[in-house]
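Readers should treat all values here as calculations from the given coordinates under stated rules, not as data from a laboratory. Keep in mind that what you see is a predicted model, and the values were worked out from it rather than measured. Here Cβ is always computed from backbone atoms with ideal geometry, including for glycine, and neighbour counts include all displayed protein chains.
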Amino acid sequence: MGEAEAEQVWVDAVPEPKSAKNRVHLDVDVGDIDGLLSIGATVLRQPDEEISWYVMADPEGGEFCAFVRPARASLPGRLYEVVVDCADPYAQADWWAQLFGLVAEREPKGHFAALEGGGVLPFDYLCFVPVPEPKTTKNRVHWDVTVADVALLTARGARVLREPGGDVSWHVMADPEGNEFCAFTAGP
């Protein structure tokens, strides 16, 4: 964002234990689910008339979805998309689209929105889906971005949760719905 390289995005887990449904989860492409099961994942929901993917949990209970692509190997899987639960998916998608220089795609029937990675993100999609419940706890999964200046984020409605200091050289931020992310400023 700004003069920084916007395509540098990481996905990091946080150390807090799970205390509620994860509002951010990962979706992966795999050849089959056998490899995931062999490393401790469990199936929470199988494909059915409503969904074409597996809803699974990692050994710590973190939800993720597995999309079976028979042409792929069982493992390693491939990060397909990051999914964010939110109150207003269209507003969230528009906000992040402006920051990443992408176009938000709206699905009116499903009331969700997505950003196609387009070489800017290290996965195919960043999706925003509606949920009725409010955010009640820190997200266990968040992404990091590199920006030219944190003011680019706060000017668009992000909040600074923690300034750099001590052993932390980045800003901990929250988007307009309170989803945490870290902002690194581009160095010389």
Point to revise | Flag if residue 57 is crowded, with 16+ Cβ neighbours inside 10 Å and closer than 24 Å to residue 16 by Cα | key: yes
Point to revise | Enumeration of residues in segment 76-119 that are free of Cβ contacts under 8 Å to residues at least 60 places away in the same chain and either at positive phi or charged (D, E, K, R) (or both) | key: 78, 81, 94, 105, 106, 107, 109, 111, 116, 118
Practice item. Could you please tell me which pairs satisfy a Cβ distance under 6 Å, a separation of 6+ or placement on different chains, a first residue in segment 53-75 that is within 16 Å of residue 141 (Cα to Cα), and a second residue that is of a type in the set (Asp, Glu)? Key: 57/63; 65/27
Practice item. Residues that are under 18 Å from the mean Cα position of the chain (by Cα): find the strands (runs of 3 or more DSSP E) completely inside segment 124-179 holding 2 or more of those. Key: 125-130, 141-147, 171-174
Revision key, fill the gap. Exactly one of 68, 83, 103 is under 17 Å from the mean Cα position of the chain (by Cα) and surrounded by fewer than 17 Cβ atoms within 10 Å (Cβ to Cβ), and that residue is 103
